[in-house]
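The values are calculated or read from the model by the stated rules, or taken from the named source; none is laboratory data. In this text, all values refer to a predicted model and were calculated from it rather than measured experimentally. Using ideal geometry, Cβ is built from the backbone for each residue, glycine included, and neighbour counts are taken over all protein chains shown.
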Amino acid sequence: MVQFNPRPFSQRSADWLTQSGLHPLLARLYAARGINQPDELGLELKQLLPPNTLLHCQSTAVILADLIQQEKNIVIVADYDCDGATACAVAIRGLKMLTDNRVHIHFLVPNRFTMGYGLTREVVELAAQQKPKPNVLITVDNGIASNEGVARAAELGMDVIVTDHHLPGDTLPKALAIVNPNQPACSFQSKALAGVGVMFYLLIALRAELRQRGHFTSQNQPKLESLLDLVALGTVADVAQLDRNNRILVANGLKRIQSGFAQVGIQALFQVAGRDPSLASTFDLGFAIGPRLNAAGRLADMTLGIQLLLSDSPEQAREIAQELDRINRERRAIESGMQETALGELAMIADEELNQRYGICLWNNQWHQGVVGIVASRLKERFNRPTLIFAPADDGSLRGSGRSLNGFHLRDALDLISKRQPNLIQKFGGHAMAAGLTILKNDFEQFKDAFEKVAKELLDDELLMRKTIHDGELRPDEINPEMGDLLAGEIWGQGFPQPIFYGEFEIMQQSLMKEKHLRLQLKHPANPHLKPIQGVWFNRTQTLPNKAKLVYRLVSDRFQGQARAQLIIEAHDDS
């Protein structure tokens, strides 16, 4: 059962936004997403939250400036996802810009299959073997829970600066400095800052500190804004909430991509993805560019992805991007097989029993640990249940990744299990909507029962009800390619969802495209004399009745130089 509910909005706010010059449709959409005043519409860089409101950002910049003046050797310790890769590239490019290449900077990214996540003891010991040996390790997109790793670094004579955005554990690591909007006592207003955003903020503070020390003036200081394409990619790919601060970062990053000023590595990714960077959108970053970069960390080594982002050679970038595209195709094939196996296992459970479950928890000896998160996401969307998918690791343990529903904080749920049964989870971490963990293979059934129990306690029928929230109907005169372009030019994403609309249409024609997509010609009942509207429902082969209530996205489709409106169908209300 699916509920189709219109997204509520304040008509007063919509009218006010319209009077400020915003298109009436955009005014309604923005009001429904919590924007109530015209002064909230601006997405200029000067409107970013100031770095001095991010706890320890300025004091860490002072420490880092001292280290730079002393020409200490620095190693950036990255995470193996898109956020970690872009944060690493931002750190290295930014530090080189600010130090004019005077400081020795390397990077290290753990192999997810042999070292696990974060600044582990093994990663620290590997870092200590770098030539020259680093004096300081800077974590990006990890480290807030790496108490043992930070302690091991101290034993080996290395300081650690932690930059992260994940939720901390009960105790913070004893690092030289920690910059994390989610650490205790931090009053920074954007808790949704991604790891790449945290590193960007630290660089802004470092530039101010170096400027104060006379290294450069406001006129000749390095232009850190040139890194915003990387910040935008990491923020969107990490599915960070697009609050206003993140939308400012993403909007300005997209402008650089659209204007042709992106890093050559990002330009190469657009090329292999068959996307036009001049029309770049958050959809491109999240569903075309991000997955290709992520593929390196999922199946191989994110070193390849970071090398792409650090490359200034179009030829080298194109070669690496083509390899990432190949790896991504391999990832899709593995994902498809894992999903098919998972659905087969769930199909053996009676529908009634499956509906009574509060969580899904599966593992298979043949599954790939680099792809478990994607499969968990697919199953969560399909069954509307918090989902954990596990794959075997080389050490005999199971490594899992989970995705959750709004209202069910996945990391807190795992924390509750670990407190009740202290030895059941070997380690875990993450967010409200996504988390990772390691358990022993022999403990799977016990963990599965514990997860189901916690899910049953914290979830209710309201949270488990599948809801499709839409933005109401579009008038016939609003369904045009110009409106599709208008919507495509806005910043949509997690927490600021892309508009989907609801309406009844007459189905004039329907046929299959490539034997797996439903192609439609539609008439709007309010004006049946208009030309038929093109529609497509991807990955659906079942035909629709002659009249259908559809949930859809409006896009502008271009073919042979002609633009036309197209509806991308998302759902069918058959109630």
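Take GLY407 and decide whether it is assigned to a loop (DSSP other than H, G, I, E, B), in contact (Cβ under 8 Å) with a residue 24 or more places away in the chain, among the small types (Gly, Ala, Ser) and under 21 Å from ALA295 (Cβ atoms).
It is false that GLY407 is assigned to a loop (DSSP other than H, G, I, E, B), in contact (Cβ under 8 Å) with a residue 24 or more places away in the chain, among the small types (Gly, Ala, Ser) and under 21 Å from ALA295 (Cβ atoms).
Of everything in segment 449-479, what is closer than 28 Å to MET115 by Cα and under 27 Å from the mean Cα position of the chain (by Cα)? Give them in sequence order.
PHE451
Can you pull out every residue in segment 205-220 that is crowded, with 18+ Cβ neighbours inside 10 Å, of a type outside the set (Gly, Ala, Ser) and either in contact with a Pro (Cβ under 9 Å, 6 or more places away or on another chain) or closer than 15 Å to GLN58 by Cβ (or both)?
LEU206, ARG207, GLU209, LEU210 - these are the residues of segment 205-220 that are crowded, with 18+ Cβ neighbours inside 10 Å, of a type outside the set (Gly, Ala, Ser) and either in contact with a Pro (Cβ under 9 Å, 6 or more places away or on another chain) or closer than 15 Å to GLN58 by Cβ (or both).
Report, by residue number, each residue of segment 448-473 that is touching a helix residue (DSSP H, G or I) at 6+ places or on another chain (Cβ under 8 Å) and farther than 15 Å from ILE417 by Cα.
ASP471, GLY472
Mind checking which pairs have a first residue in segment 545-567 that is in contact (Cβ under 8 Å) with a residue 24 or more places away in the chain and buried (at least 16 other Cβ atoms within 10 Å of the Cβ) and a second that is assigned to a loop (DSSP other than H, G, I, E, B) and of a type in the set (S, T, N, Q), Cβ under 7 Å, 6 or more apart or different chains?
ARG553/GLN498; ALA565/ASN480
With the condition kept exactly as written, say whether any residue in segment 78-85 is buried (at least 24 other Cβ atoms within 10 Å of the Cβ), within 29 Å of GLY157 (Cβ to Cβ) and modelled with pLDDT under 95.
The answer is yes, given that some residue of segment 78-85 is buried (at least 24 other Cβ atoms within 10 Å of the Cβ), within 29 Å of GLY157 (Cβ to Cβ) and modelled with pLDDT under 95.
Looking at (1) free of Cβ contacts under 8 Å to residues at least 40 places away in the same chain; (2) of a type outside the set (S, T, N, Q); (3) part of a helix (DSSP H, G or I), which is the one condition that is false for ALA296?
In the conditions (1) free of Cβ contacts under 8 Å to residues at least 40 places away in the same chain; (2) of a type outside the set (S, T, N, Q); (3) part of a helix (DSSP H, G or I), ALA296 misses (1) alone.
Given the condition outside the structural domain of MET433 (by TED's automatic domain parsing), within 20 Å of HIS23 (Cβ to Cβ), modelled with pLDDT of 95 or more and among the hydroxyl-bearing types (Ser, Thr, Tyr), answer yes or no: does some residue in segment 501-512 qualify?
Yes; the residues of segment 501-512 include at least one that is outside the structural domain of MET433 (by TED's automatic domain parsing), within 20 Å of HIS23 (Cβ to Cβ), modelled with pLDDT of 95 or more and among the hydroxyl-bearing types (Ser, Thr, Tyr).
Of the conditions (1) in a strand (DSSP E or B); (2) of a type outside the set (D, E, K, R); (3) closer than 26 Å to ASP394 by Cα, ALA85 clears all except one; give me its number.
The one condition ALA85 does not meet is (1).
Can you name every residue in segment 554-574 that is aliphatic (A, V, I, L, M) and either under 25 Å from the mean Cα position of the chain (by Cα) or within 13 Å of LEU522 (Cα to Cα) (or both)?
If the condition is that a residue be aliphatic (A, V, I, L, M) and either under 25 Å from the mean Cα position of the chain (by Cα) or within 13 Å of LEU522 (Cα to Cα) (or both), then LEU554, VAL555, ALA565, LEU567, ILE568, ILE569, ALA571 are the ones that fit.
Out of the strands (runs of 3 or more DSSP E) lying entirely within segment 420-509, which hold 3 or more residues that are surrounded by fewer than 17 Cβ atoms within 10 Å (Cβ to Cβ)?
Result: 466-470.
Does VAL150 count as assigned by TED's automatic domain parsing to the domain that holds ILE63, part of a helix (DSSP H, G or I) and among the β-branched types (Val, Ile, Thr)?
Against the criterion (assigned by TED's automatic domain parsing to the domain that holds ILE63, part of a helix (DSSP H, G or I) and among the β-branched types (Val, Ile, Thr)), VAL150 qualifies.
Cβ-Cβ under 6 Å, sequence separation 6+ or interchain: first residue in segment 269-287 and under 15 Å from LEU233 (Cα atoms), partner basic (Lys, Arg). Which pairs?
LEU269/ARG292; ASP284/ARG275
Which numbered condition trips up GLY34, out of (1) in contact (Cβ under 8 Å) with a residue 24 or more places away in the chain; (2) under 30 Å from LEU224 (Cβ atoms); (3) not hydrophobic (A, V, I, L, M, F, W, C)?
(1)
Against the condition assigned to a strand (DSSP E or B) and either in contact (Cβ under 8 Å) with a residue 12 or more places away in the chain or assigned by TED's automatic domain parsing to the domain that holds ARG102 (or both), how does ILE204 come out, does it pass?
So ILE204 fails the test.
Which pairs do you get when a residue that is more than 15 Å from LEU202 (Cβ to Cβ), found in segment 136-150, comes within reach of a residue that is in a helix (DSSP H, G or I), reach meaning Cβ atoms under 7 angstrom, with the pair 6+ apart or on two chains?
Between residues of segment 136-150 that are more than 15 Å from LEU202 (Cβ to Cβ) and residues that are in a helix (DSSP H, G or I), the close pairs are GLU148/ARG121; GLY149/ARG121; GLY149/VAL123; GLY149/VAL124.
Test ALA295 against the criterion of being more than 20 Å from LEU48 (Cβ to Cβ), modelled with pLDDT of 95 or more and of a type in the set (A, V, I, L, M, F, W, C), and give yes or no.
Judged against the criteria, ALA295 is not a match.
Tell me, which residue of segment 238-269 that is at pLDDT below 95 and on the phi < 0 side of the Ramachandran plot is nearest to the chain's Cα centre (by Cα)?
ASP238
Can you tell me which of (1) of a type outside the set (Phe, Trp, Tyr); (2) farther than 23 Å from LEU299 by Cβ; (3) under 19 Å from the mean Cα position of the chain (by Cα); (4) part of a strand (DSSP E or B) is the one CYS361 doesn't meet?
Among (1) of a type outside the set (Phe, Trp, Tyr); (2) farther than 23 Å from LEU299 by Cβ; (3) under 19 Å from the mean Cα position of the chain (by Cα); (4) part of a strand (DSSP E or B), CYS361 violates only (3).
Of VAL264, VAL239, which residue is among the β-branched types (Val, Ile, Thr) and either farther than 26 Å from ASN101 by Cβ or free of Cβ contacts under 8 Å to residues at least 40 places away in the same chain (or both)?
On inspection, the qualifying residue turns out to be VAL239.
How many residues does segment 530-566 hold that are out of contact with any Leu (no Cβ under 9 Å at 6 or more places or on another chain) and within 22 Å of LEU487 (Cβ to Cβ)?
Residues flagged as out of contact with any Leu (no Cβ under 9 Å at 6 or more places or on another chain) and within 22 Å of LEU487 (Cβ to Cβ) within segment 530-566 amount to 11.
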